[in-house]
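Data first, discussion second: the structure below is written as C-alpha cells.
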Amino acid sequence: MAGWWIGPSMRWGIRRWGRRGGGEEVPNVVLEQLIRVTRPTGGLGIPGLYVPSDPGAPDEKSAKGMISLSFGKLFEKGLHLGTGQCNVKAYNRYLRDLIISGRATPSFVVSHEIDIDDAPQAYDKFDRRIDGYTKVLIHPNGPLPLKD
C-alpha cells in the first residue's frame with residue numbers, strides 16, 4: 001500500500017498487493033485498509049491485473065473476479081477510483097537502463113530464478129500459489145555468471 005499523506009489521512013492511496021502477515025492471500029484486505037485511511041474526496045488507484053475469473057483464487061467470489069469491499073464507506077467518503085493495467089511499454093526501456101546502470105535494483109521482489117527447463121513446473125506452482133512462487137526469473141540460456 002502506498003499513498004500521499006496530508007495531515008492525519010491520505011489524499012490518494014494506491015493498491016499494490018493483498019497478503020496478510022502470514023502470507024495468505026486476502027484479495028480485499030488492502031482495498032479495505034485504503035478505504036479506511038483515505039480522507040474524504042480522496043482517491044484510490046488500483047493498477048495491475050484483475051481477471052474476470054481465477055480458478056486458483058482463495059475463495060469462491062474471487063474465483064469469479066469479484067472482490068468484497070465496503071462500498072457504503074467508499075460512497076460516504078466520496079472516494080474516486082482509478083483502475084487499469086499498468087502501461088509497461090511506456091517505461092520498460094527507461095527501467096531497463098536504470099537496472100543496467102545499477103541505479104535500480106528490483107531483485108528484492110524475485111522469489112525464484114529457474115532454467116527454462118523448469119518453467120512448466122514453475123508456472124504450475126505460480127498458478128497454484130505454492131512454495132512462495134511470486135516473481136520468477138527464467139534464464140533461457142542457463143544461470144547468469146556471478147559478478148565479482
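Observations, loosely collected:
- Within segment 29-56, being surrounded by 14 or more Cβ atoms within 10 Å (Cβ to Cβ), hydroxyl-bearing (Ser, Thr, Tyr) and in a strand (DSSP E or B) holds for one residue alone: THR38.
- Looking across ILE100, ILE114, ILE67, one residue alone is among the aliphatic types (A, V, I, L, M), under 30 Å from PRO143 (Cα atoms) and touching a residue at least 12 places away in the same chain (Cβ under 8 Å). It is ILE114.
- Tally of residues being closer than 27 Å to THR41 by Cα and open to solvent by 70 Å² or more (accessible area, probe 1.4 Å) across segment 70-92: 10
- Qualifying positions in segment 116-148 - over 16 Å from the mean Cα position of the chain (by Cα), open to solvent by less than 90 Å² (accessible area, probe 1.4 Å) and of a type in the set (D, E, K, R): ASP118, ASP124, LYS125
- Verdict on ARG11 being open to solvent by 90 Å² or more (accessible area, probe 1.4 Å) and either acidic (Asp, Glu) or modelled with pLDDT under 85 (or both): no
- In the condition set (1) within 15 Å of GLU25 (Cβ to Cβ); (2) touching a Pro at 6+ places or on another chain (Cβ under 9 Å), ARG128 is compliant with all but (2).
- Filter result for ARG103 (among the charged types (D, E, K, R) and surrounded by 11 or more Cβ atoms within 10 Å (Cβ to Cβ)): no
- Just one of the numbered conditions (1) at pLDDT 85 or above; (2) open to solvent by 80 Å² or more (accessible area, probe 1.4 Å); (3) more than 24 Å from GLU25 (Cβ to Cβ); (4) not aliphatic (A, V, I, L, M) is not true of GLU113: (3).
- Scanning segment 117-133 for residues that are without any contact (Cβ under 8 Å) to a residue 40 or more places away in the chain, among the acidic types (Asp, Glu) and either part of a loop (DSSP other than H, G, I, E, B) or under 25 Å from ASP54 (Cα atoms) (or both) turns up ASP118, ASP124, ASP131.
The values are calculated or read from the model by the stated rules, or taken from the named source; none is laboratory data. Just so it is clear, the structure is predicted and the values come from calculations on it, not from any experiment. Here the Cβ is made from the backbone with ideal geometry for all residues, glycine too, and neighbour counts use every protein chain on show. For the accessible areas, the whole protein counts, side chains as well, though only heavy atoms, and no ligand, DNA or RNA atoms are used. Shrake-Rupley method; radii C 1.70, N 1.55, O 1.52, S 1.80 Å.
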